[in-house]
Each structure stands twice: as C-alpha cells, then as structure tokens.
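Below is one structure, written out as structure tokens; comments come after it.
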Amino acid sequence: MVLQPSRTGLALETAAAWVLAVLWILPLFYAFWTAFHPTEFATRFQLLAPLSLQNFRNAWDAAPFSRYFFNTTVLVAMILGVQLVLCTLAAYAFARYTFWGRDVMFILVLVQLMIKPEVLLVENYRTMSALGILDTLPAIGLPYMASAFGIFLLRQTFKTIPSELEDAARVEGANALQILLKVYVPLAKPVYLAFALVSVSFHWNNFLWPLVVTNSVHSRPLTVGLQVFSSVDQGIDWSIITAATIMTTAPLLIAFLLFQRQFVQSFMRAGIR
Amino acid sequence: MSAHHSRRFIANVHGWLLLLPAAVLLVLFTHYPVIATFLRSFFSTPKGARGSVFVGLDNYRQMIEDPIFWQALTNNAFFAVGTIPISIGLALLMAIWVNGRIAGKSWLRLAYFTPTVLPMIAVANIWLFFYTPQYGLFEQILSAFGVPSHNFLGSKDTVLACLIVVAIWKEAGFFMIFYLAALQQMSPNLAEAAAIEGASRWTFFRRVTLPLLMPTTLFVLVNAIINSFRLVDYVVVMTRGGPDNASSLLLYYIYEVGFKFWDSAYAAALTMVLLLLLALLAVGQFLFMDRKVHYR
C-alpha cells in the first residue's frame, strides 16, 4: 500500500482503534472479574482480591447444567448433521441438474433468508404440537434443518467446480451419488467448515424458539436453562449468574479463541457469497 | 430422440429427488406457516368449547386500536434507527483499522469480533448487571462523579437506549467481517494509482473505497434490518418489554400475545405485519441491490 496516513495521523488512529477495542472487551473483562472473585468484590476492583471458583461451583450445583450441556451438544450436532446432508443434496440439484420448476424452487428456498423460522414461531409451535413432539430436541431443530443459507452457499460453490471433473468421473463409471461424494464434497471442504462454524455458533446461542418449544429439563438447551436459572432460581446474586453465564459460553468462547483465524475466515467466506 | 427424452426425464427425477428432503422441511416450516398465518388472521382464537370462527378483519381492527401494537412498532423503528447506522459505521471503521497497518491488529480483530460469538442471552445477562440500579457498573461510575442514582432499565426514557447500546456492541464486530472480506478483495493497484494522482487518504476513501463497498453496505444493511426485527432475546432477558411496554419490540409482542395471552389469532394478525415489512424489505432489496454482485 502506498497510500498511508501521516505519522501523527497513524498515531491518532492507532490510539482510537485501541480505545474502541478496550471499550469492546471491557464488559467481558468485567464479567470474568465478577465470576472469578467472591461476591464482595463483584464491583470492587482491587488488584489483590482473592481468586475463587466458588461461584462456578455454586452455579453448577444450583441447576442441572450438565443436562443442559448434553442437550445443547446433541442439538447442535443433530442440526448440523442433517443440514449438511440436506443442503448438499439440494445444492447439487440446483447447481448441476436442469429440472422442471428449478428456478421457482430456488426462489422459494431463498424466501427463508428473509423469513427466518423464529418469525413464524406461533404457527410452527402449532405444527410441533400437531406432530406431538413439543418439548423435544427434534422440535427445536426441525425448522432450521433445511437451511436456505447452506443451500445457497453450497450451490454457489458447486457451480464454480469445472464440469470436466464430473465428466471424467462419469467416464470412469461413477454414478451421480459417487460423483457428488468423490468430486464435489471434497472440493468444497473449506465451505463446509465455514458453514459448520456458523451453524454451530448460531445454534449454540439460539434462544427464542427453544424457549417457546421446551418446558422441561429434558429438552432445554443451555441458553434457555441459563435464562430459567437466572430469572427464577437466583435472587440477584450476580456473581453466581455471571459465573453461570461464562460457564455456558465457555466451550464456544474457548473454541473461538483457539481457532480465531478459522472462525473469522469462515464467517468471511460465508459472507462474501 | 427417445434416448434424449428419457435422459431429460431422468435428470428431472434425479433433480427432484435430491431436492425433496430439503423442500419438504422448507415447505412445512416456512411456506406453510406463512399461508396458515395469513388464513388464521381472519379467524378467532378458539376459547373453551367455542371453536374458531371466521371474523373477517376483526383481528386487524383490534390491532389498529391496540396502543401496545403501535408502541411496539414505533419502538422497533427507533431501535432499528438507533442501532443500524451506528453499528454499520463502526463496523466500517473497525474493518479499515483491522485491514490497515495498525500495531497489534490481530488483537484488535479479536476484541471487536468476540461479542459476536457470545450468545445474546449471555450478553444480555452481563449488561443487565451493568445497568442494575445501586450497585451496577454504571451506577458506580456515575455516583463517583456525584450523578444521582438512575434506574436505566426501569425508566421509560432510557430503556430503549440501553437495548440499543447492547445491540451495537454485539453486532458491529459481526458486520465488520463483511467489510473486511470486501476490503481484502480490493486491488492494491487502486491505492497505488490514487497515490500517484496525489489523492489524499480521505479522498481515496470517499471516492474509491466507499463506492466499491456499496454492495457490501447494502447487504449488511438488509441483514441489519432483518436482525432488528428478529432478535428480541435481549428484551426477554433484560426488560420483558417493560416498563409499561417502553421496550417491547414487534416480535417480542407477538411472543407475548402468542405464548402468554395464548391469543393465536391476534398473534397471526401481528405476524402478518412483520411478514409484510420483511416482504417490503425483499422488494426494496430486489430493486436497489445490484443483483449481479451477490447472486451470480
């Protein structure tokens, strides 16, 4: 780059960028401070305040968090698994087949990019009730499993793969399914990773729809469990609530810190298309 | 001829078979509910032994006379106007900084992006604590300066602004990513050419960078608007729409009507408003967005 700010300009910008960054991270720092210190230090900052894990112990014992963790893990894995299969098949159809009604169907798929499932929560609740699966993990996952975003993303990717590769595989006697699995899927690996990260972080964090369809410990994901815990079980012991909040977020946050580059690149890859 | 026909027939069958599983779920949980919501908005909510009957436009009439509906709609508009321009502006600034030559930019990126990864409900819990009267963070800071105590979330005047701050904090880093992706695809030749021409950095930004980022801005804008109608987790956790509906947003009101008052017919009419707004947004996007950029 040739076009650069002057030295004072750069210094000013650097300072501004760092002030913003500190502002941005401060709430989290504060949450960690509260969670890792005894209650009396919740709002008192003393460098030598004793560290403690007691808040985490108390939170863990006060609500069935292990069950919530289990539910969320199963939920996220189930949604991602089904999404990958359904979106791959649909994207392949859109990218490589000419069939009657294809363009209309594609527009109908894109409708979901505008009208996300939570907007339709009242009607979808009825459907789940009619299917007799209220308060189960599949009920939380079903509206999201045919992801328009995933179909769109994979279709764009499949379209960039040269059809000569497919022709070569066909000459060697591969059938349509084999071609999909041996040619298309391997070449789209980075896009699959991107989609997986976006999907996992979305569904780990999703709240409103799970809140509506669940009403027992057996199906509640972490987010809803956390909400029930902090609004009912606790008075206003912020130290424990903050500890619970950090605890439920930790797996995703740790994964993010470890694979920061992949996360950011995945979100970028998903955003460009 | 017949071989050609049968090949086309097979392609049709294969195409549809591949699409079918996804199509079934999409129809069941996106298209059918839209139609069902539309139809249900003309019927009454079944109560006890009385079933659902056709009531024409009664639900819509009720809606027009419902001050809470108008309040939620206005709140939503204020929330969108308060959140979107600032978070998009900050996102652009963040992206330019992270993409530039500033020291420690990977740390900056980490700081900006981290709130995006957190669940909204966790974010809401943390901020709820900040806003708490008497011993929340803001109270402590303000009381140190001798400012009298103020219940930020308990006051009609400040509650929506509090939610807006949280939403900006959560979303700016997310939108930054889209700008960052666009900036990284820009050719460095442009900057070199501008430097040879003797353009200032600001001129370059205004005349070259900003116009080139226009498709990204529109894309981000559309998503930001959708989000402002869709993300009401904060409201559930922090205010429950209160005080006195001052922080109720449209989807939150739908949730209340549907699952607290169990008035599914009225909720359907309210949902139609939300769907109409989203449809208008889709039309607007179709008209204004250069479709070649995003939908090849």
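Of the helices (runs of 4 or more DSSP H) lying entirely inside segment A:1-104, the ones with 1 or more residues being surrounded by 14 or more Cβ atoms within 10 Å (Cβ to Cβ) and modelled with pLDDT of 90 or more are found at A:7-36, A:65-96. One residue stands out among those in segment B:200-240 that are crowded, with 18+ Cβ neighbours inside 10 Å and outside any helix (DSSP H, G or I): the one that is farthest from the other protein chains (Cβ to nearest Cβ), which is B:213. Highlighted here are the helices (runs of 4 or more DSSP H) found entirely within segment A:198-261 that include at least 3 residues which are more than 8 Å from chain B (Cβ to nearest Cβ) and without any contact (Cβ under 8 Å) to a residue 24 or more places away in the chain: A:238-258.
Pairing each residue of segment B:257-280 that is under 16 Å from residue A:208 (Cα atoms) and within 10 Å of another protein chain (Cβ to nearest Cβ) with any residue that is at pLDDT below 95 and not in a helix (DSSP H, G or I), provided the two are 6+ apart or on different chains, yields C-beta distances under 8 Å for B:257/B:263; B:271/B:41. One residue stands out in segment B:140-189 among those that are within 9 Å of another protein chain (Cβ to nearest Cβ) and more than 23 Å from the chain's Cα centre (by Cα): the one that is modelled with the highest pLDDT, namely B:184. Scanning segment A:122-137 for residues that are touching a residue at least 60 places away in the same chain (Cβ under 8 Å) and either facing another protein chain (nearest Cβ under 7 Å) or basic (Lys, Arg) (or both) yields a count of 1. The set of residues in segment A:102-113 being more than 7 Å from chain B (Cβ to nearest Cβ) and under 22 Å from residue A:177 (Cα atoms) consists of A:106 alone.
If you check B:23, B:11, B:36 for being assigned to a helix (DSSP H, G or I), within 13 Å of chain A (Cβ to nearest Cβ) and either under 24 Å from residue B:268 (Cβ atoms) or among the basic types (Lys, Arg) (or both), only one passes: B:36.
Screening residue B:75 on (1) touching a residue at least 60 places away in the same chain (Cβ under 8 Å); (2) of a type outside the set (Val, Ile, Thr); (3) surrounded by fewer than 22 Cβ atoms within 10 Å (Cβ to Cβ); (4) away from chain A (no Cβ under 14 Å) shows it passes everything except condition (3). Residue count for segment B:56-70 under the criterion of being crowded, with 18+ Cβ neighbours inside 10 Å and polar (S, T, N, Q): the result is 1.
Contact annotation: no residue pair with Cβ atoms under 6 Å, 6 or more positions apart or on different chains, pairs a residue in segment B:27-54 that is touching a residue at least 40 places away in the same chain (Cβ under 8 Å) with a partner that is of a type in the set (Lys, Arg) and not in a helix (DSSP H, G or I).
The residue that is surrounded by the most Cβ atoms within 10 Å (Cβ to Cβ), counting only those in segment A:133-156 that are small (Gly, Ala, Ser) and assigned to a helix (DSSP H, G or I), is A:150. Given the condition more than 27 Å from residue A:268 (Cα to Cα), in contact with a helix residue (DSSP H, G or I) (Cβ under 8 Å, 6 or more places away or on another chain), more than 10 Å from chain B (Cβ to nearest Cβ) and assigned to a helix (DSSP H, G or I), answer yes or no: does some residue in segment A:179-197 qualify? Taking every residue of segment A:179-197 in turn, at least one turns out to be more than 27 Å from residue A:268 (Cα to Cα), in contact with a helix residue (DSSP H, G or I) (Cβ under 8 Å, 6 or more places away or on another chain), more than 10 Å from chain B (Cβ to nearest Cβ) and assigned to a helix (DSSP H, G or I).
Quick one: which residue in A:158, A:149 is within 17 Å of residue B:226 (Cα to Cα), aromatic (Phe, Trp, Tyr) and more than 8 Å from every other protein chain (Cβ to nearest Cβ)? Checking each option against the conditions leaves just A:149. Checked against (1) among the aliphatic types (A, V, I, L, M); (2) part of a helix (DSSP H, G or I); (3) over 30 Å from residue A:6 (Cβ atoms); (4) in contact with a helix residue (DSSP H, G or I) (Cβ under 8 Å, 6 or more places away or on another chain), residue B:246 passes all but condition (2).
Restricting attention to segment A:122-132, does a residue exist that is at pLDDT below 95, part of a helix (DSSP H, G or I), among the basic types (Lys, Arg) and over 30 Å from residue B:249 (Cβ atoms)? No, segment A:122-132 contains no residue that is at pLDDT below 95, part of a helix (DSSP H, G or I), among the basic types (Lys, Arg) and over 30 Å from residue B:249 (Cβ atoms).
The values are calculated or read from the model by the stated rules, or taken from the named source; none is laboratory data. Nothing here was measured: the structure is a model prediction, and the numbers come from that model. Because the Cβ atoms are built from the backbone with ideal geometry, glycine has one as well, and the counts that use them run over all protein chains shown.
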